[in-house]
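Quick notes on the structure that follows.
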Amino acid sequence: MKYLFVLLLFPLQMMAQDCKLKKGIDPISSKPTLSTGFFELPDAKLSVDASNKEIDFFFVVKNPAFKCLDENTAVTVIFEGGKLKAEYKNNGSLNCDGILHITFKNSVYTPSPLQRLVSKKIITIRFHSETGKPLNMDLTPEQQLTFMDLVNCIIKESKPLL
């Protein structure tokens, strides 16, 4: 019976994503870091970076009407079905380069808001600023899966950094 179980799991293991993360060294602390590198979203690029202390979602917004962001900028993530939402606040400072950071603590146990980004498909990422109307980024099914896979990789591979 246990051999049958192993045979059934083998194809799933073959389909599992190969985590190709960029490894580096933090210049200040000299500790190892991981990064997904930038990948494209509608009107933005996103890189997810991990260190021994935090997991950082680093957005660069490309929409010229939404370039100046401050600490009051918020991001609402709308999950598949449209009823479940999560709101995150910019942890970066005021800039007019379209740069926004959302950070989570890197710990032995994955925080539930971070785990939700892996377990539920995101249909829309909405940026809110006090300066104007929100910027909606609707993700394609391919972008949804890429996002989930990359976040899952960074969560798994960031644990040894602790």
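The values are calculated or read from the model by the stated rules, or taken from the named source; none is laboratory data. This one's a predicted model, so the numbers in the text were calculated from it and none came from an experiment. Using ideal geometry, Cβ is built from the backbone for each residue, glycine included, and neighbour counts are taken over all protein chains shown.
Within segment 126-134, identify whether any single residue is within 22 Å of F39 (Cα to Cα) and under 13 Å from the mean Cα position of the chain (by Cα), and answer yes or no.
no
Taking the condition modelled with pLDDT of 90 or more and part of a loop (DSSP other than H, G, I, E, B), does G37 pass? Walk me through how you get there before you give the answer.
Working: modelled with pLDDT of 90 or more: yes; part of a loop (DSSP other than H, G, I, E, B): yes.
In short, yes.
(1) closer than 26 Å to G132 by Cβ; (2) more than 13 Å from the chain's Cα centre (by Cα); (3) at pLDDT 95 or above: which one isn't true of F58, the others all being true?
Only one criterion is unmet by F58, namely (2).
Could you pull out the residue among N106, N90 that is within 15 Å of C153 (Cα to Cα) and surrounded by 17 or more Cβ atoms within 10 Å (Cβ to Cβ)?
Values: N90 fails: within 15 Å of C153 (Cα to Cα).
Only one candidate passes the filter, namely N106.
Quick grid of which residues meet (1) in contact with a helix residue (DSSP H, G or I) (Cβ under 9 Å, 6 or more places away or on another chain); (2) surrounded by 15 or more Cβ atoms within 10 Å (Cβ to Cβ); (3) not acidic (D, E):
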{"position": "T33", "(1), (2), (3)": "yes, yes, yes"}
{"position": "F38", "(1), (2), (3)": "no, no, yes"}
{"position": "K45", "(1), (2), (3)": "no, yes, yes"}
{"position": "A50", "(1), (2), (3)": "yes, yes, yes"}
{"position": "I55", "(1), (2), (3)": "yes, yes, yes"}
{"position": "F58", "(1), (2), (3)": "no, yes, yes"}
{"position": "K62", "(1), (2), (3)": "no, no, yes"}
{"position": "A65", "(1), (2), (3)": "no, no, yes"}
{"position": "E71", "(1), (2), (3)": "no, no, no"}
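Kindly evaluate H128 against the criterion of being under 19 Å from D49 (Cα atoms), surrounded by 15 or more Cβ atoms within 10 Å (Cβ to Cβ), out of contact with any helix residue (DSSP H, G or I) (no Cβ under 9 Å at 6 or more places or on another chain) and not small (G, A, S).
No; evaluated as a whole, the condition is false for this residue.
Kindly provide the set of residues from segment 131-162 that are loosely packed, with under 15 Cβ neighbours inside 10 Å, β-branched (V, I, T) and either at pLDDT 95 or above or in a strand (DSSP E or B) (or both), ordered by number.
T140
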